[in-house]
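Asker: Shown below is the structure under consideration.
The values are calculated or read from the model by the stated rules, or taken from the named source; none is laboratory data. Here the structure is a predicted model, which is why all the values come from computation and not from measurement. No Cβ is skipped: glycine too gets one built from the backbone with ideal geometry, and neighbour counts run over all protein chains shown.
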Amino acid sequence: MIETVGIVGAGQMGAGIANLFARHGFRVLLCDRDARQLERAVAGIRRDLARRPPKEGTADDVVGRIATSLTLDPFAAAGFVVEAVTEEEPLKREIFRQLDGIVPHGVVLATNTSSIPIASIAAATDRPDRVIGMHFMHPVPVMALVEVIRGAATSDDTFAVTAGLAARLGKEMAVSRDLPGFIVNRILIPMINEAVYALEDNVATAQDIDKAMRLGTNQPMGPLALADFIGIDTVLSIAKVLFERFADPKYCPCPRLARMVAAGELGRKSGKGFFTY
């Protein structure tokens, strides 16, 4: 029975995944190379627990199950690992290379990548059969779905372990082939990208584009507001992966996304994106 889970990366997704596991009684090892980011992550988890108290125990109980670290060394005690750093393939491959030398060989190494092929990440290890995609949705404790992606070498046992863990976390699972963007982002990111192109072409204002999609297609959030929620930098990174991997012009990122990232307009996390917060 898995009791201790290692989470690499304490950003928006890593903190959310740590929050989820700790809420469900797991001991969590949360690693990030930035001490201030670790502090922000724990503070954010406390704020979330104040808004949505745990079903069992107290907020202090949940936070008390989370241990932070600036190195991966404590992951030698992990029974399962989830990597949740930024969508940069070289960075992810390097982390998996390091994990492979620290984490016991039979332990599953999962990646929260939202677009990068699992087989490419797994190739950085000597255990490609124990590598799998486990893509959580933001906000992690709230969203019901987790995408599970098998790489070319992912074993049946690795899949079974991951599926069992998803069930313990109360998540619904959708299984995708190992193709860029998987299910959600292969459909979602082109929609967001097209909304940005519509804005760039002055089809309508950002407010009316989002209103049209909310009221015309019954979406709870318009695509531009959703881009701000996800992070413009993340949207751009995923769009680039889709464009590069498929070599299809329909996935070409709108130039406005790159301009916004260069200007630091990243959405909610920076206070300004398509809208101001």
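Asker: Does any residue of the range 232-252 turn out to be buried (at least 22 other Cβ atoms within 10 Å of the Cβ), modelled with pLDDT of 95 or more and assigned to a loop (DSSP other than H, G, I, E, B)?
Answerer: Looking for residues that are buried (at least 22 other Cβ atoms within 10 Å of the Cβ), modelled with pLDDT of 95 or more and assigned to a loop (DSSP other than H, G, I, E, B), one finds none in the range 232-252, hence no.
Asker: Which ones in the range 163-191 are farther than 18 Å from M13 by Cα and either among the aromatic types (F, W, Y) or touching a residue at least 60 places away in the same chain (Cβ under 8 Å) (or both)?
Answerer: Within the range 163-191, R168, D178, L179, P180, P190 qualify.
Asker: I've got another one for you. Among the candidates V196, V161, single out the residue that is buried (at least 18 other Cβ atoms within 10 Å of the Cβ) and either assigned by TED's automatic domain parsing to the domain that holds R127 or of a type in the set (F, W, Y) (or both). Write out each step before concluding.
Answerer: Working: V196 fails: either assigned by TED's automatic domain parsing to the domain that holds R127 or of a type in the set (F, W, Y) (or both).
Exactly one of V196, V161 is buried (at least 18 other Cβ atoms within 10 Å of the Cβ) and either assigned by TED's automatic domain parsing to the domain that holds R127 or of a type in the set (F, W, Y) (or both), namely V161.
Asker: Could you list, in sequence order, all residues of the range 192-230 that are assigned to a helix (DSSP H, G or I), aliphatic (A, V, I, L, M) and farther than 16 Å from R256 by Cβ? It would help to see each step written out before you state the result.
Answerer: Within the range 192-230, the subset assigned to a helix (DSSP H, G or I) is 192-200, 206-217, 223-230.
Okay, now just the ones that are also aliphatic (A, V, I, L, M), so 192, 195-196, 198-199, 206, 209, 212-213, 215, 224-227, 230.
Within the range 192-230, A212, M213, L215 meet the criteria.
Asker: Moving to a separate point now. Which residues, taken from the range 23-44, are touching a Leu at 6+ places or on another chain (Cβ under 9 Å) and either part of a helix (DSSP H, G or I) or not assigned by TED's automatic domain parsing to the domain that holds T86 (or both)?
Answerer: R23, A35, L38, A41, V42
Asker: Could you list, in sequence order, the residues of the range 164-183 that are buried (at least 17 other Cβ atoms within 10 Å of the Cβ) and either farther than 22 Å from M1 by Cα or not aliphatic (A, V, I, L, M) (or both)?
Answerer: K171, S176, D178, P180, G181, F182, listed by residue number.
Asker: Specify the residue that is nearest to R40 (Cα to Cα); the eligible residues are those in the range 253-277 that are assigned to a helix (DSSP H, G or I) and in contact (Cβ under 8 Å) with a residue 40 or more places away in the chain. Lay out the reasoning, then the answer.
Answerer: Quick first cut of the range 253-277, residues assigned to a helix (DSSP H, G or I) only: 255-262.
With in contact (Cβ under 8 Å) with a residue 40 or more places away in the chain added as a condition, the list becomes 255-257.
Numbers: P255: 32, R256: 30, L257: 26 Å.
The extreme case among them is L257.
Asker: So, A22, is that one more than 28 Å from F229 (Cα to Cα) and buried (at least 21 other Cβ atoms within 10 Å of the Cβ) or not? It would help to see each step written out before you state the result.
Answerer: Working: more than 28 Å from F229 (Cα to Cα): no; buried (at least 21 other Cβ atoms within 10 Å of the Cβ): yes.
It is false that A22 is more than 28 Å from F229 (Cα to Cα) and buried (at least 21 other Cβ atoms within 10 Å of the Cβ).
Asker: Among the residues of the range 68-81, is there at least one that is part of a strand (DSSP E or B) and either in contact with a Cys (Cβ under 6 Å, 6 or more places away or on another chain) or at pLDDT below 95 (or both)?
Answerer: For the range 68-81, residues part of a strand (DSSP E or B) and either in contact with a Cys (Cβ under 6 Å, 6 or more places away or on another chain) or at pLDDT below 95 (or both): present.
Asker: Against the conditions (1) modelled with pLDDT of 95 or more; (2) assigned to a loop (DSSP other than H, G, I, E, B); (3) farther than 15 Å from R245 by Cβ, where does T113 fall short? Just the number, please.
Answerer: Evaluating T113 over (1) modelled with pLDDT of 95 or more; (2) assigned to a loop (DSSP other than H, G, I, E, B); (3) farther than 15 Å from R245 by Cβ leaves (3) as the failure.
Asker: Out of all the residues in the range 136-146, is one or more assigned to a helix (DSSP H, G or I), touching a helix residue (DSSP H, G or I) at 6+ places or on another chain (Cβ under 7 Å), surrounded by 20 or more Cβ atoms within 10 Å (Cβ to Cβ) and among the aromatic types (F, W, Y)? Walk me through it before giving the result.
Answerer: Let us first name the residues in the range 136-146 that are assigned to a helix (DSSP H, G or I), namely none.
Within the range 136-146, none of the residues are assigned to a helix (DSSP H, G or I), touching a helix residue (DSSP H, G or I) at 6+ places or on another chain (Cβ under 7 Å), surrounded by 20 or more Cβ atoms within 10 Å (Cβ to Cβ) and among the aromatic types (F, W, Y).
Asker: Suppose the filter is closer than 15 Å to A166 by Cβ and within 12 Å of the chain's Cα centre (by Cα); does V146 pass it? Explain how you work it out, then say what you get.
Answerer: On the way: closer than 15 Å to A166 by Cβ: yes; within 12 Å of the chain's Cα centre (by Cα): yes.
So V146 fits the description; yes.
Asker: Limited to the range 25-47, what total is found for residues that are farther than 18 Å from S69 by Cα and buried (at least 20 other Cβ atoms within 10 Å of the Cβ)?
Answerer: Number of matching residues: 0.
Asker: Out of D48, D60, D100, which single residue is assigned by TED's automatic domain parsing to the domain that holds F159, in contact with a Pro (Cβ under 8 Å, 6 or more places away or on another chain) and either within 25 Å of K269 (Cα to Cα) or part of a helix (DSSP H, G or I) (or both)?
Answerer: Values: D60 fails: in contact with a Pro (Cβ under 8 Å, 6 or more places away or on another chain); D100 fails: in contact with a Pro (Cβ under 8 Å, 6 or more places away or on another chain).
When all the criteria are applied, what remains is D48.
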